[in-house]
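Chemist: Please read through the structure below; I'll follow up with questions.
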Amino acid sequence: MAGKTPLNIIKIKNMKQDQTPISMLTAYDYPSAKLAEKAGVDMILVGDSLGNVVLGYDSTIPVTIEDMVYHTRAVARGAEHTFIVADLPFLTYHGSLDHTFDQVRRLMQEGHAHAVKMEGGAEIADTVQHVVRAGVPVLGHIGLTPQAVNQIGGYRVQGKDEQDRARLMKDAKALEAAGAFAIVLELVTEEAAAAISQELSIPTIGIGAGRGCDGQVLVYHDVLKYTSDYRSKKFVKNYADIGAVITEGLSRYVQEVKNRSFPAEEHVFGGKAAAEKAVETTLYGATREKDKVNS
């Protein structure tokens, strides 16, 4: 979007104070990023969810740093005027700080992200703090953390009991203290998410976390039903069904190839004889028009 000024972390934090909802959407390639920017989203997340919706994996765990750099770079080319956050994939920030910094460096220098996202709470707060002190904005992510899906026993809603709500609050405060500029709350009960949002000075961005968050994020493919076998999700609202449109268009193409109605006359290029015929037709038409005027 020409003329649009990208957000920065100061403006994003101020949106919470001003009670201006934050709109965030995932994108994974150049055309989706361009469309997201044209639609006016505040932030784009290049999520490791690309493993599920783009690469065909059954979880985010197989996604590599090379995958993330490649897709982030494509998104950055498509959305030059939008704040872009890129996920650090599975086990790229749980070892030495040198290793973590190298992964962060790749997303920022090679992928051209403006910030990175890290899943986890109090247990990664020290790492978040070091990355922030190195000059890199960090978006936190608690609640359902897909990279830990095998440890937490599947895709389960978080914060259902008092003990779990206390854990989430502790994690959120730890990330805030470590310097995260905002926190994603995924699949968290509305009550727990609202309490966290009220307690923190930094924005919360919900996905399946109810109406009390400071912003919302959804997956591009969910918003648009961009798949041939879409499965409905309670926390998602579908705003279009491009999967059906694409399938119908591709089916028509196949049918027209099979019945030889494509390519038609208007889709082919002629040789020298066709070009000479076109010139003769033009001259003839011009001569007849001249005769008509003279008469």
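The values are calculated or read from the model by the stated rules, or taken from the named source; none is laboratory data. None of these values were measured; they are calculated from a predicted model. Positions of Cβ are backbone-derived with ideal geometry, glycine not excepted, and every protein chain shown enters the neighbour counts.
Chemist: Would you check if residue 165 is among the basic types (Lys, Arg) and at pLDDT below 95? Break it down stepwise before answering.
Modeler: Values: among the basic types (Lys, Arg): yes; at pLDDT below 95: no.
For residue 165, the condition - among the basic types (Lys, Arg) and at pLDDT below 95 - is not met.
Chemist: Look through 197, 201 and report the one residue that is farther than 24 Å from residue 92 by Cα and either in a loop (DSSP other than H, G, I, E, B) or not assigned by TED's automatic domain parsing to the domain that holds residue 90 (or both).
Modeler: Values: 197 fails: either in a loop (DSSP other than H, G, I, E, B) or not assigned by TED's automatic domain parsing to the domain that holds residue 90 (or both).
Only one candidate qualifies: 201.
Chemist: Next question. I'd like the full set of residues that are exposed (fewer than 13 other Cβ atoms within 10 Å of the Cβ) and more than 30 Å from residue 219 (Cα to Cα), limited to region 242-266.
Modeler: Once the filter is applied, which keeps residues that are exposed (fewer than 13 other Cβ atoms within 10 Å of the Cβ) and more than 30 Å from residue 219 (Cα to Cα), region 242-266 yields 255, 257, 258, 259, 260, 261, 263, 264, 265, 266.
Chemist: Among the residues of region 83-91, is any among the aromatic types (Phe, Trp, Tyr), free of Cβ contacts under 8 Å to residues at least 60 places away in the same chain and crowded, with 16+ Cβ neighbours inside 10 Å? Steps first, please.
Modeler: Step one: list which residues in region 83-91 are among the aromatic types (Phe, Trp, Tyr), which gives 83, 90.
Next cut, free of Cβ contacts under 8 Å to residues at least 60 places away in the same chain only: 90.
So of that shortlist, the ones also crowded, with 16+ Cβ neighbours inside 10 Å come out as 90.
Scanning region 83-91, I find at least one residue that is among the aromatic types (Phe, Trp, Tyr), free of Cβ contacts under 8 Å to residues at least 60 places away in the same chain and crowded, with 16+ Cβ neighbours inside 10 Å, so the answer is yes.
Chemist: Restricting to region 218-241, give me the number of residues that are under 15 Å from residue 32 (Cα atoms), hydrophobic (A, V, I, L, M, F, W, C) and surrounded by 15 or more Cβ atoms within 10 Å (Cβ to Cβ).
Modeler: Within region 218-241, residues that are under 15 Å from residue 32 (Cα atoms), hydrophobic (A, V, I, L, M, F, W, C) and surrounded by 15 or more Cβ atoms within 10 Å (Cβ to Cβ) number 4.
Chemist: Take the residues in region 104-117 that are aliphatic (A, V, I, L, M) and without any contact (Cβ under 8 Å) to a residue 60 or more places away in the chain, then tell me which one is surrounded by the most Cβ atoms within 10 Å (Cβ to Cβ). If you could, list the steps in order and put the result at the bottom.
Modeler: Narrowing region 104-117 to residues aliphatic (A, V, I, L, M): 104, 107-108, 113, 115-116.
From what is left, the residues that are without any contact (Cβ under 8 Å) to a residue 60 or more places away in the chain are 104, 107-108, 116.
On the way: 104: 26, 107: 28, 108: 19, 116: 26.
By that ranking, first place goes to 107.
Chemist: Does region 140-153 contain any residue that is closer than 19 Å to residue 123 by Cβ, β-branched (Val, Ile, Thr) and part of a loop (DSSP other than H, G, I, E, B)? Show your work before the answer.
Modeler: First, pick out the residues of region 140-153 that are closer than 19 Å to residue 123 by Cβ: 140-153.
From what's left, β-branched (Val, Ile, Thr): 142, 145, 149, 152.
Filter once more, keeping what is part of a loop (DSSP other than H, G, I, E, B): 145.
Within region 140-153, one or more residues are closer than 19 Å to residue 123 by Cβ, β-branched (Val, Ile, Thr) and part of a loop (DSSP other than H, G, I, E, B).
Chemist: Kindly indicate whether residue 234 is at negative phi and among the basic types (Lys, Arg).
Modeler: Numbers: at negative phi: yes; among the basic types (Lys, Arg): yes.
Here the answer is yes, as residue 234 does meet what is asked.
Chemist: Take the conditions touching a residue at least 12 places away in the same chain (Cβ under 8 Å), touching a strand residue (DSSP E or B) at 6+ places or on another chain (Cβ under 8 Å) and assigned by TED's automatic domain parsing to the domain that holds residue 203 and apply them to residue 65. Does it pass?
Modeler: Working: touching a residue at least 12 places away in the same chain (Cβ under 8 Å): yes; touching a strand residue (DSSP E or B) at 6+ places or on another chain (Cβ under 8 Å): no; assigned by TED's automatic domain parsing to the domain that holds residue 203: yes.
For residue 65, the condition - touching a residue at least 12 places away in the same chain (Cβ under 8 Å), touching a strand residue (DSSP E or B) at 6+ places or on another chain (Cβ under 8 Å) and assigned by TED's automatic domain parsing to the domain that holds residue 203 - is not met.
Chemist: Only one of 209, 240 is in contact with a Leu (Cβ under 8 Å, 6 or more places away or on another chain), modelled with pLDDT of 95 or more, not assigned by TED's automatic domain parsing to the domain that holds residue 167 and not in a helix (DSSP H, G or I). Can you tell me which? So that I can check it myself, show each step before the final result.
Modeler: Numbers: 209 fails: not assigned by TED's automatic domain parsing to the domain that holds residue 167.
The conditions single out 240.
Chemist: Just to be sure before I move on: is residue 63 among the hydrophobic types (A, V, I, L, M, F, W, C) and surrounded by 20 or more Cβ atoms within 10 Å (Cβ to Cβ) in the structure I sent?
Modeler: yes
Chemist: List the number of the failed condition for residue 139; all other conditions in (1) surrounded by 24 or more Cβ atoms within 10 Å (Cβ to Cβ); (2) touching an Asp or Glu at 6+ places or on another chain (Cβ under 6 Å) hold.
Modeler: Answer for residue 139: the failing condition is (2).
Chemist: Scan (1) assigned to a loop (DSSP other than H, G, I, E, B); (2) modelled with pLDDT of 95 or more for the single condition residue 256 breaks and write down its number.
Modeler: Result: residue 256 fails condition (1) only.
Chemist: Go through the residues of region 129-136 one by one and say whether even a single one is in a helix (DSSP H, G or I) and crowded, with 20+ Cβ neighbours inside 10 Å. Walk me through it before giving the result.
Modeler: Narrowing region 129-136 to residues in a helix (DSSP H, G or I): 129-133.
Now restrict to residues that are crowded, with 20+ Cβ neighbours inside 10 Å: 131.
Yes - at least one qualifying residue is present in region 129-136.
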